[in-house]
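Can you keep this structure in mind? I'll have questions shortly.
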Amino acid sequence: MLKIEGRNVGKLIGVRGATIKQMQEEHNVRISISKEDDQDGMRTVEFQGEDQDIQNVTEVIRQRFLNERQGNSYESRPRINSNERNSGYNQRSDNNERSSGYTQRYDNNRGGYGRNYDQTRNERSEPEHYPNREFRQSRGGFNNYGNNQQQQVNRYNSSSNNENEWGSSGTTFQHPPARNNYQQPRKSNPEDWNSAEIEMKANFQPSLNTYKSNSNADNKNNSSYERHNSSYNKRSRDGNFNNYRTGSNDNNNNNNVESSEPKAFTPIDWEKLNKDCDLARQERWAKCPQLIKDFYEEHPKTSQMSDEQVEQFREENNNISVSKVFEQDIPTSSMPKPITNFEYAFEKFPDLMNEIHKQGFTKPSPIQSQMWPILMKGNDCIGIAQTGTGKTLAFLLPALIHVDGQPHARGIAARGGPNVLVLCPTRELAIQIEKEVSKYQYRGIRAVCLYGGNDRRKQIEVVESGIEIIIATPGRLNDLVASNYIKVESITYLVLDEADRMLDMGFEPQIRKILLDIRDDRQTVMTSATWPTGVRRLASSYMKNPYQVVIGSLDLAATHTVSQRIEIIDEDDKYERIVRFAQQELGKNDKAIIFCGKKDRADSLSCDFVLKGIQCQSIHGNREQSDREQALEDIKSGEVNILIATDVASRGIDIEDISYVVNYDFPRNIEEYVHRVGRTGRAGKTGISLSLLTRSDWGVAKDLINILKEANQEVPEELLKMAERFENRKPREGGRGGFRGSSRGHGMF
Ligand SMILES: Nc1ncnc2c1ncn2[C@@H]1O[C@H](COP(=O)(O)OP(=O)(O)OP(=O)(O)O)[C@@H](O)[C@H]1O
């Protein structure tokens, strides 16, 4: 038996039935994989057959793992549980478990290494970096890795008699940092791949143990940690199975070890395996129902636009630019022309036109006028436009046409499930998009919103009643897909809204897992107001020759409808300043969102406000979902005119009459500043942002200055000096040092 992280099962065992079947035949082993991830996201893989055959097939998988790792493929990187590693490599269970002995734990296979190295939830609050060097050292120092150092050395030595293997090289090992300081490897840092080997061992150790138990009934309860450890250890040192047996000091189970010794390693035909994978994928997608993606017919008026007219229109509409992301040197004249009014895009869909008229919109926003022709033609597209400029409708209306235009009857029976999936980073944004969908009653198309913190049963019931559009946060969607309540194979139109934020929040593995099951020829759309490199990487893996529509510039820019004010202030004076703002500057008809850096800051500020008689609501990740929704409702309805929030409300939230955004704490990255500020000045309205900067924010001063300059805003002298001091200080600090928070000391300025 073997435990592999759910999303890696396909890759490590083979992709889909064809390859697994082939592996079964080649190795004369029956392989069965648990249908669902367990609570830690792991799948159990069981092998039945002769010892040697099982050994061979597990070796193939092991090699596959190593190969993936050496290729630095991000996807194959297994998950690491920082807490578990923090408590020690050999502390895979709590103290109670350890005191009852390793043997028992492994024999019972209670999660094993795999389980304990699993669980990366990538919450933003988790620390991000683990010093790689220390981790590598730990490979030689099994005994010494962990908090309970001496206790483990003793236990291990007494039970295994095998100091050479794990004990000797561990003496110089440094402790990992204390629990609170523990940091995970950066996902993007290839150096951190060294740690993957440890996880590899971790994943394979229990497999040997258990598979021997499974394949040899006599020894079922006898396999011991000591034997397991010594043999495993020898093997993992140089990654070579030939050394497998020599390290064994096992007294009780020598026979068992002998019988499980693998024979010479047979090289794996990777080319063939990969080809098989591709074939299996092709076969799988070939069975999908017919898909129609092109619903666009250029309106004669649009066709008549000359190149000059097109250029002029683009220029006048906030500098629309359109290109192919991965194809250079394509003249702009060959790009789809923008449509200048709603009819030119939707004339053939009168029901939809009626719905648009009901909204009272007069003309498409720039992002809509350029994205609609591209999306209705069936192309993949990345849309980058400033906050509040109608990106939701830009992907939504083509989605409705897409659903209605498919050749098969609607409903689960004919289509197998929903056709449109919109993934977004926060629950509130998901709810908002669903509300937006429900404004357009088009041909009975129905949507469901799936997010955590809400009635799961109810969500499932709606899904099972047959819906066409799913709007979801990745966590809840994964949960329902893994539990087989939702099949994403029927998705043909996929939207990743605020894709950069989803990556920032650590949703990438979950997104990639979902995407594996969505057919290859789907249409994919990504939208955001900011576009960092990480998202480009995602786009390159999962989009097909996408167009890119940028409104304004790709450089980070805040919407020009907001007047941005900056005040440099002492941390101690902030509270007084914000009270003055709430009591004296905020008008009766104004509404403000005050952003705090942390949940407890938001809590304490709202408590203080209430004690002072300032009515407000608050929203952050620690509040009950119903309270979060109520908070948004209260600010929308005008029940309160102040919403105190963390960044959970920085993206996408569309409250039309917010007049002020206040950065009580400046955001930790400049992208978030752009999104926060964009909660006001939406849909052509104007707004004001007020940012309180303290000396500890000097690391962002330069980026902020660029944003202010780009929007023709006043740049305070003090901010310029702050940026200058930061720049000048860098060499003395030795590189990048001094970024936000790292030099909070007094007297810097
Ligand atoms: N063509 C249009 N004319 C006028 N208003 C529009 C138009 N299209 C959308 N809107 C309105 O503009 C507001 C902002 O739209 P939306 O929430 O889609 O912005 P966004 O670009 O997604 O912003 P963010 O980047 O903050 O998520 C919404 O209230 C929406 O109804």
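What are the residues in the range 631-660 that are closer than 13 Å to Glu428 by Cβ, open to solvent by less than 20 Å² (accessible area, probe 1.4 Å), assigned to a loop (DSSP other than H, G, I, E, B) and within 16 Å of the ligand (Cβ to nearest atom), if any?
Ser650, Arg651, Gly652, Ile653, Ile655, listed by residue number.
Take the residues of the range 347-371 that are within 12 Å of the ligand (Cβ to nearest atom), among the hydrophobic types (A, V, I, L, M, F, W, C) and touching a residue at least 40 places away in the same chain (Cβ under 8 Å): which is nearest to Tyr440 (Cα to Cα)?
Only one residue fits best here, namely Ile356.
Please pick out the residue among Val437, Val448 that is part of a strand (DSSP E or B), modelled with pLDDT of 90 or more and either in contact with a helix residue (DSSP H, G or I) (Cβ under 7 Å, 6 or more places away or on another chain) or not polar (S, T, N, Q) (or both).
None of the other options fit; the residue is Val448.
Quickly run through the range 421-437 and pick out the residues that are within 13 Å of the ligand (Cβ to nearest atom) and closer than 15 Å to Pro398 by Cα.
Matches in the range 421-437: Val422, Ile433, Glu436, Val437.
Need the failing condition index for Glu724 against (1) surrounded by 16 or more Cβ atoms within 10 Å (Cβ to Cβ); (2) at pLDDT below 90; (3) more than 16 Å from the ligand (Cβ to nearest atom); (4) not in a loop (DSSP other than H, G, I, E, B), just the number.
(1)
Out of the residues in the range 372-399 that are in contact with a helix residue (DSSP H, G or I) (Cβ under 7 Å, 6 or more places away or on another chain) and within 7 Å of the ligand (Cβ to nearest atom), state the one that is farthest from Arg676 (Cα to Cα).
It comes out as Leu393.
With the requirement that a residue be in a loop (DSSP other than H, G, I, E, B) and within 16 Å of the ligand (Cβ to nearest atom), what does the range 327-346 give you?
Pro338, Ile339, Thr340, Asn341
Tell me whether the range 623-630 contains one or more residues that are in a loop (DSSP other than H, G, I, E, B) and surrounded by fewer than 24 Cβ atoms within 10 Å (Cβ to Cβ).
The answer is yes, given that some residue of the range 623-630 is in a loop (DSSP other than H, G, I, E, B) and surrounded by fewer than 24 Cβ atoms within 10 Å (Cβ to Cβ).
Something else now. Hey, could you check the range 661-672 for residues that are within 13 Å of the ligand (Cβ to nearest atom) and open to solvent by less than 10 Å² (accessible area, probe 1.4 Å) and say which is farthest from the chain's Cα centre (by Cα)?
Across the range 661-672, the extreme among qualifying residues is Val661.
Of the residues that sit in the range 440-457 and are open to solvent by 60 Å² or more (accessible area, probe 1.4 Å) and more than 19 Å from Gly475 (Cβ to Cβ), which one is nearest to the chain's Cα centre (by Cα)?
Arg446
The values are calculated or read from the model by the stated rules, or taken from the named source; none is laboratory data. What you see is a predicted model, and the numbers here were worked out from it, not measured in a lab. Reconstructed Cβ throughout: ideal geometry from the backbone, glycine too, with neighbour counts over all protein chains shown. Surface accessibility is based on the protein's heavy atoms, side chains included, excluding ligands, DNA and RNA. Shrake-Rupley method; radii C 1.70, N 1.55, O 1.52, S 1.80 Å.
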